[in-house]
Protein chains: 2
Amino acid sequence: MNTKPVYLIDDDAAVRDALALLMLSHGYTVRAFESGETFLAAIQADSEGVAVLDVRMPGLSGLDVFDRLREQDSELIVIFLSGHGDIPMAVQAVKQGAFDFLEKPCSEQALLNKIDDALEVALGRQASRGNQHEAEKRLATLSPREREVMERVLAGKLNKQIADELNIAIRTVEVHRANVFAKMGVRSALDLAQLLAAR
Amino acid sequence: MNTKPVYLIDDDAAVRDALALLMLSHGYTVRAFESGETFLAAIQADSEGVAVLDVRMPGLSGLDVFDRLREQDSELIVIFLSGHGDIPMAVQAVKQGAFDFLEKPCSEQALLNKIDDALEVALGRQASRGNQHEAEKRLATLSPREREVMERVLAGKLNKQIADELNIAIRTVEVHRANVFAKMGVRSALDLAQLLAAR
DNA sequence: TGCAGCATTGTGGTTAACCACAGGCGGACA
DNA sequence: TGTCCGCCTGTGGTTAACCACAATGCTGCA
């Protein structure tokens, strides 16, 4: 069973409680909120998991909350629940990256299936983001000069070309080049390019 | 004005004619079909452009036609028109890659805007596919042995390692390596990796 | 003031890639 | 049978990458 949380946001307490109990009984980690405002105040920018969002809520609507999440590049996977939605709204939400858009009332099994699917996607994203994060951390250790040399190495230039361009000795290029490779944990320009392409 | 065709598929002649005239009057290249069957029989697997698809048609429905297009990896951009669609249908179509899902009747201006947007997407895809196609063509010129060597070059192995693995002389690895670079139009393993990553 | 980090440079030696020139064999096809 | 293509190999030479060992200078900070 996946340990990533499912955030449930619905102003209707009866619905919220029923869905929360359903999810809890299926082993999910659940956090419930009565409004978009309280939900947004509680999460971090780097929170991961699935958000089940009611569209129609006083104050911030589900779509407003979704906009906020997109603004902060949130990694949360969003499933909309709507009792009064229409096709244009649903199509737009999905085109903007929502994972799904379900009509209320929907079958419990269908919702649970969607949540399972969404949690799998969240897991896949975590793995890919781990690689990205590591590469970024290593890149941050490079000095300005090392970065200049790295760009030219990745452009396929010879050390002597780089030396000409930067007005330094070939030996200095070699030193920077070796430093870049060491800090990035690679052994060749090819290795480095592939590391950076994979993020 | 974009020269890529807009394919209009609707069994209702009145609607089809009205929309066709609208599009023609805005300078689009239009081809109209009364059924999914006639449309599918008329296009090629590599046809490009925008398909405006009515959902509800006798014989093959718009969704059936969309399935066929996806099966043949068609490059056509699909906009659905639906008089009786619902949210789950719309959400599924968009999640499966349809460009949009509009309800009939829809404003002429909205439809024209969507078609413009879709044609832009089609253009962007053509450029990116041109690169991809060229790389694939070059890849197809490689002999089996050259391909074996290329994989190991891209894995960052030394020529002498490759020679050991394939039980051949280092000089032979060099020959294959040179042949691969020449056929692929690159000058280094880095160049090659970047060419293949860009497709 | 001393130390760390960054940038720089030289010398000499090794390894690897690259290739011109040369050659051979086997299979497929006209 | 002759030609083409793919696969293979050796020799000798050049260029480029890599680095151990050694050294200098500048800046920022405790």
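Some points to look at:
- Cβ-Cβ distances below 7 Å connect the following pairs, each with a first residue in region A:70-91 that is farther than 19 Å from A:V6 by Cβ, a second residue that is in a helix (DSSP H, G or I) and aliphatic (A, V, I, L, M), and a separation of six or more residues or different chains: A:G85/B:I87; A:I87/B:I87; A:I87/B:A90; A:A90/B:I87; A:A90/B:A90; A:A90/B:V91; A:V91/B:A90; A:V91/B:V94.
- Considering residues of region B:178-195 that are surrounded by 18 or more Cβ atoms within 10 Å (Cβ to Cβ) and either within 11 Å of DNA strand D (Cβ to nearest atom) or touching a residue at least 60 places away in the same chain (Cβ under 8 Å) (or both) only, the residue farthest from B:H133 (Cα to Cα): B:L190
- Of all the criteria given as (1) surrounded by 17 or more Cβ atoms within 10 Å (Cβ to Cβ); (2) farther than 22 Å from B:V91 by Cα, the one not satisfied by A:V50 is (2).
- Conditions (1) within 14 Å of chain A (Cβ to nearest Cβ); (2) exposed (fewer than 15 other Cβ atoms within 10 Å of the Cβ): number failed by B:L111: (2)
- Helices (runs of 4 or more DSSP H) within region A:22-106 that include 2 or more residues among the basic types (K, R) and within 22 Å of the chain's Cα centre (by Cα): A:62-71
- Helices (runs of 4 or more DSSP H) lying entirely in region B:117-199 (those with 1 or more residues that are at negative phi, within 14 Å of chain A (Cβ to nearest Cβ) and under 22 Å from the mean Cα position of the chain (by Cα)): B:189-197
- Subset of region B:146-168 (residues that are over 28 Å from A:L196 (Cβ atoms) and in contact with a helix residue (DSSP H, G or I) (Cβ under 6 Å, 6 or more places away or on another chain)): B:A163
- Single match in A:L102, A:L112, A:L119 (criterion: closer than 30 Å to B:F80 by Cβ, in contact with a Ser or Thr (Cβ under 8 Å, 6 or more places away or on another chain) and not basic (K, R)): A:L102
- Any hit, region B:155-171, residues being in the same structural domain as B:L22 (by TED's automatic domain parsing) and loosely packed, with under 14 Cβ neighbours inside 10 Å: no
- Within the option set A:D117, A:D191, A:D164, being modelled with pLDDT of 90 or more and more than 16 Å from DNA strand C (Cβ to nearest atom) holds for one residue only, A:D117.
The values are calculated or read from the model by the stated rules, or taken from the named source; none is laboratory data. As the structure is a computational prediction, the values presented were derived from the model and not from experiment. Quick reminder, even Gly has a Cβ in these numbers, built from the backbone with ideal geometry, and neighbours come from all protein chains shown.
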